Amino acid sequence: MKYTVITGASSGIGYETALAFAARGKNLIIVARRLDKLEELKLKIQNIHSDVDVIIRTSDLSDTANSYKLYENLKEYQVETWINNAGLGESSSVSDQSLEKVESMLRLNIESLTILSTLFVRDYSHVEGTQLINVSSALGYATYIGGITYSASKYFVSAFTEGLAKELELKSAKMKAKVLAPAVTETEFEKTAQGVDEFDYKNFIPMFHTAKQMAGFMLELYDNDKVVGIVDESYNFNLRNQIYPILGV
Ligand code: NAP
């Protein structure tokens, strides 16, 4: 049996991506901190697709050691696709940002993603049909004043994954590495980024996608040979080759 691992599956884009992959008959390993939300998702999937196997793993990926533990703990499963989606925002100017939150964000958005990507590439790059999809942001390609540190963390995700895609290609590896770069998407993201209890997208944001639409774009990227799936300023989804220049080839 092969599995698709999705981190950050307890809400938003990860949750809808799990439903979209389950609809394709893909067995899932869903990861986040909130067990109740993961159990609710598992039940929902099993009610619709009884043949799909869903494995739950709770992990706080902002603790470096937990990324290694999670990967080790999944060694018994054959992984076909690994989606590093778990991520956190911080909506503040640099002078006002909470360094405690920023430290967690950098460990989750950058460190955990790099560790899990590296371990997956090490074990599976020779396996036909494997994919690594890292969730960046449109803000991984344009700096956002009011969230510079978050934006910079997503620049890392984009540059790392685009470069890795080229490295795999040059080694004639079987694995494909891809970047999903959403623009504003209606999820729990803004609540967490702004540290508020509620956030009404319809009142504050002129244009956004739903998490379900974004999961649809994730599948388009999964089905395509392009490296980057990015939402542009008009909120169109585009599949592209590497955007950052690459040297050393
Ligand atoms: P979301 O609804 O807040 O989902 C974030 C997910 O990450 C949740 O499942 C959360 O689960 C998990 N997570 C957060 N901290 C974690 C930790 N320390 N350890 C493990 N899991 C953790 O937001 P989303 O919009 O779906 O975000 C998904 C990805 O899309 C992120 O990488 C985000 O940067 C990116 N993105 C979002 C937008 C947007 O506008 N929404 C735009 C561009 C990019 P638990 O709380 O249960 O742990």
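Listing for the model above:
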quantity: Residue order for L70, L35, L119 - accessible surface, 1.4 angstrom probe, largest first; calculated: L35, L119, L70
quantity: Measure of compaction for the range 145-249 (Cα Rg per 2.2 N^0.38 Å); calculated: 1.21
quantity: Overall Cα dimensions of the range 35-142, principal axis frame, Å, largest first; calculated: 51, 35, 28
quantity: Lys, Arg +1 and Asp, Glu -1 on Cβ, resulting dipole of the chain about Cα centre, debye, nearest 20; calculated: 600 debye
quantity: Solvent exposure ordering (accessible area, 1.4 Å, most first) of H49, H126, H209; calculated: H126, H49, H209
quantity: Neighbour-limited loop hits for GluC sites (Glu not before Pro), the range 75-162 (at most 16 other Cβ within 10 Å; DSSP other than H, G, I, E, B); calculated: E76, E128
quantity: Virtual spin-label span in nm between E39 and K212, 7 Å along Cα→Cβ; calculated: 2.6 nm
quantity: Per DSSP, loop GluC sites (Glu not before Pro) in the range 169-231 with at most 11 further Cβ within 10 Å; calculated: E198
quantity: Fraction of accessible area attributable to carbon and sulfur, the range 74-206 (%, probe 1.4 Å); calculated: 52 percent
quantity: D51 - accessible surface, heavy atoms, 1.4 Å probe, Å² rounded to 10; calculated: 120 Å²
quantity: Where trypsin sites (Lys or Arg not before Pro) fall in DSSP loop in the range 10-80, at most 14 other Cβ within 10 Å; calculated: R24, R34, K75
quantity: Cα-derived Rg to Rh of the range 96-163, Kirkwood definition; calculated: 1.05
quantity: Computed lengthening from S98 to Y68, 0.36 nm per intervening residue step minus Cα-Cα distance; calculated: 8.2 nm
quantity: Mean separation of Cα contacts under 8 Å, 6 or more apart, over the residue count of the chain: relative contact order %; calculated: 18 percent
quantity: D36 accessible area, 1.4 Å probe, all protein chains in place, Å² to nearest 10; calculated: 100 Å²
quantity: Anchor K154: lysines whose Cα lies under 16 Å away (excluding residues fewer than 8 positions away in-chain); calculated: K101, K178
quantity: Selection from S50, S234, G129 lying farthest towards where the dipole of the chain points positive, charges on Cβ; calculated: G129
quantity: Cα coordinate range in the chain, projected on the principal axes (Å, largest first); calculated: 48, 47, 36
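The values are calculated or read from the model by the stated rules, or taken from the named source; none is laboratory data. None of these values were measured; they are calculated from a predicted model. A quick note on method: Cβ atoms are made from the backbone with ideal geometry, for glycine too, and the neighbour counts reach across all protein chains shown. Side chains included, ligands, DNA and RNA excluded: accessible areas come from the protein's heavy atoms. Shrake-Rupley method; radii C 1.70, N 1.55, O 1.52, S 1.80 Å.
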